[in-house]
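Shown next, in structure tokens, is the structure this report addresses.
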Amino acid sequence: MMAAVEVSEAEKVYILHGIRDDLRVDGRGCEDYRHMEIETDVVSNTDGSAKVTLGHTVVLVGIKTEIGKPRPMVPNEGYLEFFVDCSANATPEFEGRGGEELGTELSNTLYRVFNNKHSIDLKRLCISPGEHCWVLYVDVLLLQCDGNLYDAMSIAIKAALFNTKIPKVFISSDDEGGKDIELSDDPYDCMRLNVENVPCIVTLCKVGHRHIVDATLQEKACSVASLIMSVTHKGTVTCTRKVGGGSLDPESIFEMTEAGKRVGKALHAPLMKLLEQEESLGKKQQKVGFFG
Amino acid sequence: MPTDTKRVRGPDVSQSPSLFVCQPADGVSPQGPRADGRRRDQVDVRPVFVRCGLVSQAKGSAYIEAGNTKLMCCVYGPRETERKDETDMKCGRLTTDMRFAPFSCPERGSWIQGSQEKDFSTMLQESLQPAVCLHKYPRSQIEVNMMVLENSGSVLAHAITCASLALADAGIEMYDLVLGCSLRQNGASYVADPTSAEENDRGPDQSRNQGSLTVAFLPSLNQISGLQSDGEMSEDTLTAGVRTCIEGCYKLYPLVQQVLSRCVSRAACAPPPR
């Protein structure tokens, strides 16, 4: 279902034996990521955007903010909406409705990843309780697929949320008690989100008796099951999920969660450093664009 | 959708009256016994009622009841696959469709499958697939239809158990049964097989370990075929939770075996169909 490649038996054996000896086809160790590039503020019409390139996987995230009505169960909070589009650019299999199934699976996982109190402070997104709140539409576009969509997607979302600028609004009430929303005149007067607690997803693929991080499509074809984990900078796990047609024995699940926590925790500090660095450059920043 | 134009339609937007109920200040207290008298921090699962073969039209079917959670599952097939474009013809396909009856939850749901139901369907499929010998059914598909009649917590866990029973009842070759168990972590303590009130109890704001976990387990092979969690949990809590859920699955095992063997012996004793 996910852009699969044909891998022959001989190739499989080669990959399996390599991973057994902690050496992967592209020379990485079992817990290494491929080269990653992150660029924020890539689409001017969005309130926040980011593009992440991980090996040959390219993910573009755009965030649009709109004013909506809070959910009746939580009148004092705003909310996030996720939508993942598997573009037919990535693989012809996604043409028409082909990518829909994968897209829903990815967006449902994102809702679970953010289904906790600390990832994003939703209370800050409230404008007036029960009446108006900010709704963040997080739209993910897969431009190229070369394995490990989950990780690339979550990093791009964190970067885009960091980049998101929400306009400041004021509530003014007239003499008759009617309320009105006023937008700040200054376009630079905006609210930023605290993304410190936004988790990143780590996908661990079980290949043979070991597990690997950031699997390419070839490696994924050799794996029977993977474990998806979203980990915060403190090492808290906000979502786990087993994917794939195989099963895992409990001991390897425990090994994988341990490794996932370690790898995921280490992902945050360099990412935040990079985002802050890019932010400080401001307009001087060299744009790489889509052909970089 | 066809609508009745003669009928006075209700308002476009309506809300459940339950929203206007005054919420107790701090929900269910994290200490003390649970509302139904079960114990906290124990693998105290609800007593389960299971039956096989209740739908005569289906190849196999099962019904499960745990507390007020009621689920019904039908299995159809193996039959020729609908999607001819699927490249892998050596293996069969297992399709799952899980739906909540509109009246199954406190708030009325829609008949159209929502994203939550699709999510449950995927998780059910991923939990069941490792147990089914799909290579024995080339070019064919096996359909699992799950209907949630009443949702009173731990729906996915019981759906997994119920679906594996229905598959076994349909005579589909399997490596093992699949059993499901859920857990709700609430700060330092946990509740096994939570009811929906316990699932939605968010607890005080500051507590860090808040989450739900569902495990699908193959008891005789000692393999985990499905794992799903959300909320916030430390890795240690998660690991401990998985162990607890496995224990919970083992508690279900004798009963499920007994139901299956009774079902089989009844089928063997029954007069052959004319």
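Each value in this text was obtained by applying a stated rule to the coordinates, not by laboratory testing. Values in this document were obtained by computation on a predicted structure and should not be read as measured data. Cβ placement follows ideal geometry from the backbone for every residue including glycine, while neighbour counts extend to all protein chains displayed.
Here are some notes:
- Cα-based shape type of segment A:1-100, given that a ≥ b ≥ c are square roots of the gyration tensor eigenvalues and the cut on a/c is 1.5: prolate
- Residue with peak Gaussian network fluctuation, chain B [Cα springs, cutoff 10 Å], from B:S154, B:S127, B:S261: B:S261
- FRET efficiency for the pair A:D121 and A:F83, taken as 1/(1 + (r/R0)^6) with r the Cβ-Cβ distance and R0 = 25 Å, rounds to 0.70.
- Between segment A:184-239 and segment B:206-274, the alpha-carbon centres lie 27 Å apart.
- DSSP-defined antiparallel bridges as percent of all bridges, segment A:25-281, nearest 5: 85 percent
- Degrees, to the nearest 10: A:149-163 long Cα axis against longest axis of chain A: 30 degrees
- Rounded to the nearest 20, the Cβ-based charge dipole of segment B:17-269 about its Cα centre (Lys and Arg +1, Asp and Glu -1) stands at 800 debye.
- Rh (Kirkwood; distinct C-alpha pairs) - segment A:25-281, Å: 19.4 Å
- Taking segment A:25-281 and dividing mean pair separation by its residue count, relative contact order in percent (alpha carbons under 8 Å, at least six apart): 19 percent
- Restraint check, A:K64/A:K117; A:K220/A:K242; A:K242/B:K118, Cα-Cα greater than 18 Å: A:K64/A:K117
- Inter-site label distance for B:Q113 and A:E176 at 7 Å from Cα along Cβ, in nm: 4.9 nm
- Sorted peptide list for A:214-227, A:82-95, A:141-154, A:18-31, criterion being average Cβ within 10 angstrom, highest first: A:141-154, A:214-227, A:82-95, A:18-31
- Top of A:K51, A:K206, A:K69 by mean-square fluctuation, Gaussian network on chain A, Cα under 10 Å: A:K69
- The calculated FRET efficiency for A:K69 paired with B:Y175, based on their beta-carbon distance and R0 = 35 Å, is about 0.10.
- Rounded if a/c under 1.5, otherwise prolate or oblate - segment A:1-54, Cα gyration tensor axes: oblate
- Selected from A:S230, A:S107, A:S252 as most flexible by GNM, with chain A as the system and alpha-carbon contacts under 10 Å: A:S252
- Helix-only arithmetic for chain B: the sum of -39500 (n - 2.57) across DSSP H runs with n ≥ 4, divided by the residue total, places the mean residue ellipticity at 222 nm at -8500 deg cm²/dmol.
- Phi-derived couplings, Karplus 6.51 cos²θ - 1.76 cosθ + 1.60 at θ = phi - 60°, listed residue by residue for segment A:203-217: 9, 10, 9, 8, 10, x, 9, 10, 10, 10, 9, 6, 6, 7, 4 Hz, with x used for Gly and Pro.
- Couplings for segment A:125-138, taken from phi via the Karplus curve 6.51 cos²θ - 1.76 cosθ + 1.60 with θ = phi - 60°, read 7, 7, 9, 9, x, x, 10, 10, 8, 7, 10, 9, 8, 9 Hz in order; Gly and Pro are left as x.
- Chain B, relative contact order [Cα under 8 Å, separation at least 6], %: 20 percent
- Between A:A269 and A:N194, the simple spin-label model (points 7 angstrom out along Cα→Cβ) gives 2.1 nm.
- Amide H contacts under 5 Å for B:T69, placed H, 5+ residues apart: B:S152
- Percent of Cα pairs exceeding the 23 Å cut-off, where the set is segment B:17-269: 52 percent
- Relative to the longest principal axis of the Cα atoms of chain B, the long axis of helix B:115-128 makes an angle of roughly 50 degrees.
- Three-way shape label, segment A:217-292, alpha-carbon gyration tensor, a/c 1.5: oblate
- Taken over the protein assembly as shown, the percentage of Cα pairs per 10 Å bin, counting from 0 up to the bin with the maximum distance, is 3, 16, 26, 27, 18, 8, 2, 0, 0.
- Between 0 and 90 degrees, the angle of helix B:155-169 with respect to the longest Cα principal axis of chain B falls at about 10 degrees.
- Cβ-derived FRET efficiency at R0 30 Å, B:D36 paired with B:R262, nearest 0.05: 0.65
- The simple spin-label model puts a point 7 Å past each Cα toward its Cβ; for A:E131 and A:E276 those points are separated by 3.8 nm.
- Residue-wise HN-Hα coupling along segment B:216-228, computed from phi with Karplus coefficients 6.51, -1.76, 1.60 (Hz; x: Gly, Pro): 10, 9, 9, x, 7, 9, 6, 10, 9, 9, x, 8, 8
- Segment B:197-257 - Rg and Dmax from Cα coordinates, angstrom: 13.5, 43
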